[in-house]
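Below is one structure, written out as structure tokens; comments come after it.
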Amino acid sequence: MAQSDSLQQKSALTDSIWQLGEIEITASKKVPLLQTTAMGQWSISFEALKQIPHLLGDADPMKVIQLLPGIVNGGELNGGIYIRGSEPGHNRVALDGATIYNPSHLLGLFSVFNNDHFSAFSLQKSYIASSQGGRLAGYLEMQPRDSILAKTQLSGSVGILASRATVGVPLTHKSTLYVSARATYVNPIIRLMEKGTADNAYLRYDFQDYNLTYAYRPTERDRIVLNGYVGRDLMTLKEHQYQVTGKLQWINAVGSARWQHHFRHGNNMTHRLYASYYHTALDAKQNTLSISLPSHITEGGYKGEMTFHLGDTHLQTGGEVSIHRLSPQYPQTKNLFEGINRNRPQTFRTITSSVFVEAEHSLGNITLHAGLRYNRSSQSSYRVGNFDPRLQVVYNLKQKGKIYTSFVTAHQYINQINVSTVGFPLDFWMPATQSMPEQRAHTWNIGYAQPLYGGFYEFSAEAYYRTLSNQTIFNGGLYDMVTQNYRIEDYVLVGQGRNYGLELFIKKNRGRWNGWISYTLAWADRKFPTLRNNEWFPAKYDRRHNLNATFCFTLNNHWDFSAVYIYASGNAVTMPVALHMIGENAVCVYEPYNSSRMPSYQRMDLSANFHFGSKRNQSLNASLYNVLKRHNPIFIQVGVKPSKDNASLQIKKRNMALYSLLPSLSYTFKF
């Protein structure tokens, strides 16, 4: 080839090169909603929460938790998590290590967590590592976002009752600030939810949440994270005819500071300072008469831990100390029964401390987890210490299956005294005392888990048995508090408990159809010396059968649909069996404690999402809550009616439900 021809060809090739702008190639992968670890810890992805039907325009991680095996549904207006027959006070809900004592809004319809502010949510209910203590049943951890952003991000949601927004701002190339806010505008709609109120009365309610997280990464091996949260609820009821005003408010506030350092060879060190505050107050006023029922708990503490390897053994060790200041519920009156109770009960100051060690070691197909925790609780009148051992043995089968068994001992030194049976925050906290000793639980688990069809499905079955000591039942009332010298310990019964059952779970992970079905066969019994002749009786939330089904279907890149079905047997309740007339008043005679059952609970929810935008970063959600329009009662109203021959009076029972079908619309965005 001649040199001139070669130059001409090269010139032609050069002229044919196109100058292209920046091209971004993205691929989306569906994030699994639920994941489990070898130790039985459940993890929930916030990115996948949009697959679940939205209640009143918002997807709630606490509602997903209630769909897991072993979690008993508390019913309408109850946002508590009942793990294997235990009470919500037996669980610890934490925001990066700081305890949130009431994680619910609006009588349990919303939780306090702003989805966009968090990266993960985990639950431990079978084998709880020794690093987590102080509760008998479960540990729920909310992990805020702490990644370092390169550019500003904005996300949020606008619903029919509440809206939320989160902004992440990079302050420097090593630090990021996350700020979130959520507020409700429920007042225009709340009358419809309650089927209207009288003309001479009105109801107002609102809640607000604020989160702040500062993440700083000074070096590749260090991370410093500061967290803060404040939430407030206020409900006001005014009745003009009788000039009655009632106000119920509760406040959550937590803060934490965490420093993590990563050493070589996978070793880590974490130091954490945390503080929590929870306050409730019920106020009622009529003319010059008034009564207030406040309570609060304040906690501050430090926790340090290290994880390292010693040969083939993975070790975790550390310690924790916390100071509690508890003011239990007690009435303050004005122009009402004055002089009966002049002194409030003491404000308790309690110091709890612990040291722990956890080890993981593999021997062929066997994996061992062993832990030991020593706890101590100290106050002026009561000091006690206990050891909490635990052990889990996992035998790994072929094709990633496993058989496992575990034993856990746990003690609880700060106990919740349950007063309200619905979502009103009237429950209060008490420390362990001489007359109300620390609660104790021994839990045995045995289970089997197996992936099926190459991981397309997962199946698990687990049986458990738990014995409980020093359980409490509040046997007092507001009238007793006001009209006589009142000592709280005298109205709290102390007894025993046992919870046992079988959990079945199957989940589909891949394909356009996915979801899971969980079923729990459960018993929860209690025994108190002064109730039912000291014989075993069903606990309030003893629900024999619990069935949850969750299905998600992806039609294409724009549309996906989901459905949730819940069935739960009725919980135990005490009903009147006869009545007598004393003067003009009807006095009921009640059956033995917790001898009857509420109607069974059933609910189906449907949801549809339409995703749009250049990166599918916007979506519209339409959800239907309680499609079956079943009137699940929150309580049974008891009255009287004349007999057919008008010769006597009979007991009349009426199931009281708040709503049936609740539709919702919401718009979600992320930029």
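What follows is calculated from the coordinates using simple rules that are stated; it is not laboratory data. Owing to the predicted nature of the structure, the values given are computational and were not obtained by experimental measurement. Cβ sites come from the backbone with ideal geometry, for glycine too, and all protein chains shown count toward neighbours.
The relative contact order of the chain, computed from alpha carbon pairs under 8 Å that lie at least 6 residues apart in sequence, is 11 percent. Placing R0 at 45 angstrom, the Cβ-Cβ distance between K398 and V355 gives a FRET efficiency of 0.70 after rounding to 0.05. Distance between the modelled labels on W513 and Y590, one decimal in nanometres: 4.8 nm (7 Å Cα→Cβ projection). The spacing between the range 538-590 and the range 120-161, judged by their C-alpha centroids, is 28 Å. Computed on the chain, the Cα convex hull volume stands at 216 Å³ per residue.
Using a cutoff of 8 angstrom between alpha carbon atoms and counting only pairs six or more residues apart, the relative contact order for the range 544-613 works out to 36 percent.
Here's the picture: a label point sits 7 Å out from the Cα of Q260 along the beta-carbon direction, and within the range 131-149 the residues with their amide nitrogen under 15 Å of it are 141-149. Treating r as the C-beta distance of L452 and K238 and R0 as 41 Å, the FRET efficiency rounds to 0.10. Between H631 and K174, the modelled labels are 6.4 nm apart [label points 7 Å from Cα along Cα→Cβ]. Against the empirical curve 2.2 N^0.38 Å, the C-alpha radius of gyration of the range 486-546 lands at a ratio of 1.78. Relative to the longest principal axis of the chain, what angle (0 to 90°, nearest 10) does the C-alpha long axis of helix 3-15 take? On a 0 to 90 degree scale, this one is about 20. Coupling constants for the range 149-162 follow from the phi torsions by the Karplus curve (6.51 cos²θ - 1.76 cosθ + 1.60, θ = phi - 60°), and in residue order they are 8, 8, 8, 5, 10, 9, 8, x, 8, 10, x, 7, 10, 8 Hz; glycine and proline get x. Taking label points 7 Å from Cα along the Cα-to-Cβ direction, L504 and L665 give a separation of 4.2 nm. Measuring against 23 Å, Cα to Cα, the residue pairs K63/K629; K151/K670; K174/K615; K398/K508; K402/K508 contain K174/K615 as the ones spanning a longer distance. Derived scalar couplings between HN and Hα for the range 493-501 equal 7, 10, x, 10, x, 8, 10, 7, x Hz in order, rounded to whole Hz, by the Karplus curve 6.51 cos²θ - 1.76 cosθ + 1.60 (θ = phi - 60°), x for Gly and Pro.
What does the highest-first list of 531-544, 74-87 look like by mean Cβ count within 10 Å?
Top to bottom by mean Cβ count within 10 Å: 74-87, 531-544.
Here the chain is assigned +1 on the Cβ of each Lys and Arg and -1 on the Cβ of each Asp and Glu. Its dipole about the Cα centre then comes out at about 480 debye.
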